[in-house]
Amino acid sequence: MNYKIMFVLVFVGTYLIAGTSSDYEMMRTDSILYVGLACFLVLAGLAGAFILGKVLNSPQIIAFVNVEWANMLVSILLTFFVLGAFIGINESLELTYGADMFTMSFNYIDSLVNNALQISMGQTKQSVLDQYKTTDYMFIGTPMTSTGGCGKSYRGFNMAYAQHREMVVDLLMMAAISLELQKYVLYGITLITTTFFLPVGLMLRILPKLKMAGNFLISLAFALGIIYPATYVLHSQMHAELYDDPSSLTSIGYNDEVFPNTAETGYILSKMALIFPQAYFLPNLTLLIVGACIAGMFQALNGIQV
């Protein structure tokens, strides 16, 4: 029962936050604004340091500015490379599919959750009917012998059906919770990557002692803002190709007693085969890919010497 309450809370919270505020156009505008502000602060800071060095006649300050202005230009180019990739990929997806990669990712997750809930509701109803069959002969005297056996064996037969369906419903509900949490994380990433990590990384990169921290934040912005949602777009496209003909996923299970994988039952097994990987397996693979991208870009940025 606790996981059902958790599902409701996560679902409502995600809807209120992600469902009402995920505006890519506004996010893109904010990203350009914050990166532009960071560039202005960097330029103003170096100009102020140069003027201060002249006023104080400090060769150390002037030497710092003379060295860091080139690093500043490289930092700005790197920042706009990441921002340009972010905007360019989203614009190309909007032209091709009519939605940016975050909207595509949200729609993909929503479709999986809706499928999980649909199957859960249908199997819960069928489980109740199976359990009713196990008790009706005790209350209304119906002889449970339609399968050719005695009432007790028929009762056990339907109870096993009901338990099987309840187990699947539990797995689907947990899958729905996992998917909603992924949506919540994805929305959080959209808020902080290009509007926080990228501009702050730009400003930190011109400070010698904080240069590595700036490189790390820029790497985070690239991996989390581009690579992470791109994996969901890739998964959604594979899902769309398979979902056009779910019967092509597998021929196993067509004669299953509880979940026959046939057109009459809506290819339940094939649909679950599309839900469970994204709920339990693919996020782990995505984290490995994102971690590798962060490490690789961080090493590349540290290797840039100005």
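Rule-based calculations on the coordinates, nothing more; no lab input. As the structure is a computational prediction, the values presented were derived from the model and not from experiment. Methodologically, a virtual Cβ is constructed for each residue, glycine included, from the backbone with ideal geometry; neighbour enumeration extends over all protein chains shown.
Observations on the model:
- Hypothetical label at Val74: residues of segment 283-306 whose amide nitrogen lies under 19 Å (7 Å Cα-Cβ projection): 295-306
- Tensor-based shape of segment 55-127 (alpha-carbon gyration tensor, a/c under 1.5 rounded, otherwise prolate or oblate): prolate
- If the segment from Leu95 to Asn57 were pulled out straight at 0.36 nm per residue, it would be longer than the present Cα-Cα gap by 8.1 nm.
- Net length available on complete extension from Leu210 to Leu43 is 58.4 nm, with 0.36 nm assigned per residue and the Cα-Cα distance removed.
- Relative to the current alpha-carbon distance between Glu166 and Asn107, full extension at 0.36 nm per residue lengthens the span by 18.5 nm.
- Neighbour counts of C-beta atoms inside 10 Å place Thr195, Thr96, Thr124, Thr190 in the sequence Thr96, Thr124, Thr195, Thr190, starting with the fewest.
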